[in-house]
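The values are calculated or read from the model by the stated rules, or taken from the named source; none is laboratory data. These figures come from a predicted structure and were not determined experimentally. Cβ placement follows ideal geometry from the backbone for every residue including glycine, while neighbour counts extend to all protein chains displayed.
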Amino acid sequence: MLLTEAGRRVSIDQLLDRVWGHHPPRHGRDTLYSYLSRLRRTLAAVDGARIAPRSGGYVISVDPMTVDMHRFQRWVGEARTADDAHARRLLEQALALWRGDALAGLDTPWLNTLREGLVQQRHAAELDLTDVHLRSGRHAELVPALTIRAARHPLDERLAGQLMLALYRSGRPADALRHYRRIRLHLVEELGAEPGPSLQDLHRRILTADPTTTPPAPTPPAPTPATPSGPPGVVPRQLPAPPARFTGRRAELEQLSRALDESGRPGGTVVISSIGGIGGIGKTWLALRWAHENIDRFPDGQLFADLRGFDPIEQPLSPAIAVRGFLEALGVAPERTPTDLDAQVGLYRSLVAGRRMLIVLDDVRDADQATPLLPGSPTCTVVVTSRHQLAGMTAANDTRPVALDVLDDAEAHRLLLHRLGADRLAAEPEAVAYLLDCCAGLPLALAVLAARAVLSPRLPLAALATELRDTAGRLDAWDTGDLRTNLRAVFTTSYRGLSARASEVFGLLGLAPGPDIGLGAVAALAGLPPTRVRGPLRELEGMSLIHQHIPGRWRMHDLVRLYAAEQVREDRSEIARQAALRRLVDFHLHTAYAAERLLAPHRAPITFDAPAPGWWQGPPADHAAAWTWFADEHACLLATRDLATKQNRHEAVWRLTWSLDTFHFRRGAIQDQFDGWLAGLEAARHLGDPEVQALAHRILGNACARLGRHDLAMDHFQQALTLTRRTGDLAAQAQIHQGMAVSWAQREDLRRALEHTAQALHRYRALDDHVRMADALNDMGWYASRLGLHTEGLAHCEAALALFRRHRHRDGEANTLDSLGYIAHHTGRYDQALSHYNEALRLLQEIGNAFDEANTWEHLGEVHAAMGDGQQARSAWREALRLYQAQNRAEDADRVRRRSPAV
């Protein structure tokens, strides 16, 4: 096993797997170490051979030419670039190394695979030697051996062609044609295929007595040298120069190196690292940088082919042209290159067999273009770059994909720094920040802007930034006049490779607001069921135009989004684009409302129109699904509300804001709630609807109170009261009084808080609204207990808890338990206080109410402190502080810190 990898590290796991296969010894590593120790002692007496440990494995240091397998492969490889006389000697020497079956008597999966590969290499060498003999005019003496071998390999077209040619040149054309009919019958019956073009062409030439089949004059065999020798093998060095000023990508470079270190088994699949990513992401830069950093690991040469899979100027390079280029680089004279592609590929794979080479296949369009260029030798390493994910090749060849993302902020800044210098960046920091933001980490975009700045040293960077501020024409800034570095042209080559449906979805995604998009939103945008947009999304992802950053959600690079928006403006009418956006807004609006009803089923509903014609998948399944949906879609919901504002869809604006209320409150996102209702209030004014205006003022008042802006809160509350008095809406008036009570309580005026809560309770009783009555009773109990009226407070809270539990209102139940915990704490019943607080926490966490959860953690810490348990108190206050900080509640966070600086 070690000799097959002469000079290369083999890990301990590989040794165990390859030597014992599926039946390792009971104490595998101990047995392995014992064997290695004995081998090392045995080899101590052998010059030039030594087994040594190396980073988790072992290596045998030995001249590969002392190992018959490596010697065989080296001579066969050299023969394929030598003249016929030298080739014949080398091939005969190589085949003479065989003494029966390779690895006879050994049986593990790895060894069996290796043996099969060596047998195939031997067969290929025999075919090569036959070609040499045929070119030397030794056709007659070849017929007997070829006849026997052809019977053993009835489907081998190359062997059949050699036998046909030998028969024809020996004056037996009928036998040659008869053998053609025989192999054709085998191929049709067993494979359902006709002979390949090369064999068909030979058949035609024999039928027509083509002069090219005339036998050459026999040449006497050259004497075999006494010692093995051969021409030095051609060592190709095709790598382009490494990229100058390469920045970042250390993780990806290490990933490529790990792929090489963990290379496949001899005889198995060649090691392939497939570097994928959008056009302009820096795939070629990374491949070349890694190749040059590791060039010493490929002493037998490096091959490079730009396959132009997505070239904006030239057509993709065919595998036939690419493999001929490889053959030429490997020293094969054009006149010795087979005409048949399969034969060319076979010759190429034979030439690189056993050689430690790197093959870089750059800008691959698809697996069909790359597969013929993959070597069959495990000693070779292949790096493939493509915008396409090449899933088929990954599955078939066990590739190790390297997903390439945009540069992070630090790497992007370093790229500009290397190209423009520190002084120029320091002189215009705001312009630099804007340029970095517009490029969004795309290396090609950064490089093009840097090149423009370098070519115009007197041009302020602010001028470039100004050019980019017009988003509609922003891509024009990257028009260099060279299509290969023009961003629009780079994206176009990917776009043209899409199916019609994928092109349509791609363009529509350019319209969608928000940082990402979910499956349901894509379906609504396209007006199709989710099952019919999954395929286009997979196609776009496979082409690296979008990225599924979490399951079921896709992102698009900002510059790709601009390009997609350009395409949809060209391909679809304004009416069609607006209809798509209307469907998207309605999807978010109706799903948000349905999710809100699951989070807060006791909240008074609002009325809705039917969604726009298209596709809506329906509400989330349950409370948990509703919360998850809000969390996933939150940024998109805010962006959709902004879109609805621009579209003057005022009803959608305030209804979407209303639907976000419970989520915002429970998450502690009070600033988002405030910002949303400013837009909601403006929408209500456009509609001229006093009820909606009162609603907006009331919730703005609540938000201001929670943000500590009490004067502004009272202003909103008063405007809301004025409007509700006109409409006679008692329920709204009660809610406004509750909000005013909260504001007064936060200013420590608890008696005013009680007065306003009493007015709210009076109105709820008049409406016979039991849930709202419970809410007001809990508030009464809370404010009374904080005034020291614990008996009165306890009665109110117990009445509230009974009502909440009767109506299964978990949010209210949790808040009331918090109030009861406070009363128990301040009346010396610490165990009962702990019980109430812990039960409140359980309920709050179940419903996702982080805002009130933070308050309860703080109260729980106070009980532990009163009981003298400082450790538990600090633990509870740490949780409160974490939630306060996450919710930007600075005043609350400072209060907790003052309680215990240790938190």
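Spot the failing condition for LEU114; the list is (1) touching a Gly at 6+ places or on another chain (Cβ under 8 Å); (2) surrounded by fewer than 21 Cβ atoms within 10 Å (Cβ to Cβ), and only one is missed. Of (1) touching a Gly at 6+ places or on another chain (Cβ under 8 Å); (2) surrounded by fewer than 21 Cβ atoms within 10 Å (Cβ to Cβ), only one is false for LEU114: (2). As a summary of the residue check, PRO620 satisfies the conditions (1) farther than 24 Å from LEU695 by Cβ; (2) in a helix (DSSP H, G or I) except for the one numbered (2). Quick check, is LEU416 buried (at least 20 other Cβ atoms within 10 Å of the Cβ) and either in contact with a Cys (Cβ under 8 Å, 6 or more places away or on another chain) or closer than 26 Å to ILE295 by Cα (or both)? In short, no. Residues in region 532-572 that are polar (S, T, N, Q) and more than 22 Å from ASN486 (Cα to Cα): GLN548 alone.
The residues in region 538-556 that are over 12 Å from PHE506 (Cα atoms) and in a loop (DSSP other than H, G, I, E, B) can be counted, and the count is 2.
When GLY514, GLY497 are checked against the criterion of being at positive phi and outside any helix (DSSP H, G or I), GLY514 stands alone in meeting it. Cβ separations smaller than 9 Å between residues 6+ apart or across chains give the following pairs from region 162-175 residues that are assigned to a helix (DSSP H, G or I) and surrounded by fewer than 16 Cβ atoms within 10 Å (Cβ to Cβ) to residues that are among the hydrophobic types (A, V, I, L, M, F, W, C) and modelled with pLDDT under 90: ALA174/LEU167. You will find that of LEU508, LEU528, the residue that is among the aliphatic types (A, V, I, L, M), more than 22 Å from GLN389 (Cα to Cα) and surrounded by 22 or more Cβ atoms within 10 Å (Cβ to Cβ) is LEU508 and no other.
Name every residue in region 803-831 that is among the hydroxyl-bearing types (Ser, Thr, Tyr) and farther than 16 Å from ASP779 by Cβ, in order of residue number. THR827, TYR830, listed by residue number.
Residue count for region 860-886, restricted to those that are touching a Phe, Trp or Tyr at 6+ places or on another chain (Cβ under 6 Å) and closer than 15 Å to LEU841 by Cβ: 6. For ASP675, indicate whether it is free of Cβ contacts under 8 Å to residues at least 24 places away in the same chain and closer than 24 Å to PRO513 by Cα. Yes: the conditions hold for ASP675. Scanning region 445-483 for residues that are acidic (Asp, Glu) and part of a helix (DSSP H, G or I) yields GLU467, ASP476. Taken as a whole, the structure leaves LEU95 outside the set of residues that are of a type in the set (A, V, I, L, M, F, W, C), buried (at least 19 other Cβ atoms within 10 Å of the Cβ) and within 20 Å of HIS123 (Cα to Cα).
Cβ-Cβ distances below 9 Å connect the following pairs, each with a first residue in region 321-335 that is small (Gly, Ala, Ser), a second residue that is in a helix (DSSP H, G or I), and a separation of six or more residues or different chains: ALA322/GLN369; ALA322/PRO372; ALA322/LEU373; GLY331/LEU351. Before we move on, is THR113 among the polar types (S, T, N, Q), under 30 Å from TYR180 (Cα atoms) and either in a helix (DSSP H, G or I) or not assigned by TED's automatic domain parsing to the domain that holds GLY376 (or both)? No, not satisfied.
Checking region 427-444 against the condition returns no match, with no residue being of a type in the set (Asp, Glu), part of a helix (DSSP H, G or I), touching a helix residue (DSSP H, G or I) at 6+ places or on another chain (Cβ under 8 Å) and in the same structural domain as ARG538 (by TED's automatic domain parsing).
Okay, residues lined up against (1) in contact (Cβ under 8 Å) with a residue 40 or more places away in the chain; (2) part of a loop (DSSP other than H, G, I, E, B):
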position	(1), (2)
ARG772	yes, no
GLY793	no, no
CYS797	no, no
ALA800	no, no
LEU803	no, no
LEU817	no, no
LEU820	no, no
ALA824	no, no
GLY828	no, yes
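Condition check: in a helix (DSSP H, G or I), exposed (fewer than 15 other Cβ atoms within 10 Å of the Cβ) and on the phi < 0 side of the Ramachandran plot. Does ARG898 satisfy that? Yes. When region 510-543 is filtered for residues that are in contact with a Leu (Cβ under 9 Å, 6 or more places away or on another chain) and among the acidic types (Asp, Glu), only GLU539 remains. Checking the structure you have, find out if any residue of region 832-840 is closer than 17 Å to ALA776 by Cβ, of a type in the set (Ser, Thr, Tyr) and crowded, with 21+ Cβ neighbours inside 10 Å. Taking every residue of region 832-840 in turn, none turns out to be closer than 17 Å to ALA776 by Cβ, of a type in the set (Ser, Thr, Tyr) and crowded, with 21+ Cβ neighbours inside 10 Å.
Looking at region 96-141, which of the residues that are more than 53 Å from the chain's Cα centre (by Cα) and at pLDDT 85 or above is nearest to ASP17 (Cα to Cα)? Restricting to residues being more than 53 Å from the chain's Cα centre (by Cα) and at pLDDT 85 or above, the top hit is HIS133.
Of all the residues in region 708-720, those that are surrounded by 22 or more Cβ atoms within 10 Å (Cβ to Cβ) and in contact with a Ser or Thr (Cβ under 9 Å, 6 or more places away or on another chain) number 2.
Residues considered: HIS588, HIS623. Of these, the only one that is touching a residue at least 60 places away in the same chain (Cβ under 8 Å), not assigned by TED's automatic domain parsing to the domain that holds PRO529 and not hydroxyl-bearing (Ser, Thr, Tyr) is HIS623. Only one entry of ILE278, ILE272 meets the criterion of being more than 25 Å from GLU328 (Cβ to Cβ), at pLDDT below 85, touching a helix residue (DSSP H, G or I) at 6+ places or on another chain (Cβ under 9 Å) and crowded, with 20+ Cβ neighbours inside 10 Å, and that entry is ILE278. VAL448 falls short on exactly one of the conditions (1) in the same structural domain as LEU475 (by TED's automatic domain parsing); (2) β-branched (Val, Ile, Thr); (3) over 20 Å from PHE491 (Cα atoms), and that condition is (3). One residue alone among ALA427, ALA353, ALA445, ALA370 is at pLDDT 80 or above and either in contact with a Cys (Cβ under 6 Å, 6 or more places away or on another chain) or at positive phi (or both), and that residue is ALA445. Of the residues ARG874, ARG889, the single one that is surrounded by 16 or more Cβ atoms within 10 Å (Cβ to Cβ), closer than 27 Å to GLY708 by Cβ, basic (Lys, Arg) and at pLDDT 90 or above is ARG874. Taking the criterion of being among the aliphatic types (A, V, I, L, M) and assigned to a helix (DSSP H, G or I), the residues of region 517-537 that qualify are LEU519, ALA521, VAL522, ALA523, ALA524, LEU525, ALA526, VAL533, LEU537.
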